[in-house]
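Beneath this line is the structure, given in structure tokens, with notes to follow.
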């Protein structure tokens, strides 16, 4: 019986946690991007390449950017957005400037 109650508690808490997270996909048009990602609540999240998909907290401010030319290259900041639901963020680079557009 204790195991059954514990199982229901864990099941309930995992669905609560899932309701507080969103999926975030970020991509860029810059062909020289070596890595891409975002920062949220002081934590940097991302990966190599021109596209990254991760999870994060709902209703938080996400700062987007990418690294140019190499994994140790220059960081390019592309702006911030408050995300409340699953989002697709496109980073548009033009010259030395970058901006982010959120598609939901």
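When DSSP beta bridges are restricted to pairs lying wholly in region 21-103, around 85% turn out antiparallel. Which parts of region 29-64 would a label at residue 92 reach, counting a residue when its backbone N lies under 17 Å from a point 7 Å out along Cα-to-Cβ? In region 29-64, the label zone of residue 92 (backbone N under 17 Å from the point 7 Å along Cα→Cβ) covers 29-31, 64. Once the chain from residue 32 to residue 103 is taken as fully extended at 0.36 nm per residue, the excess over their C-alpha distance is 23.3 nm. Each peptide among 23-32, 81-90, 42-51 gets the average number of other Cβ atoms lying within 10 Å of its residues, and from highest to lowest they stand as 23-32, 81-90, 42-51.
Taken together, the values in this text are just the output of simple stated rules run on the coordinates, not laboratory data. What you see is a predicted model; the values in this text were computed from it and never measured. A quick note on method: Cβ atoms are made from the backbone with ideal geometry, for glycine too, and the neighbour counts reach across all protein chains shown.
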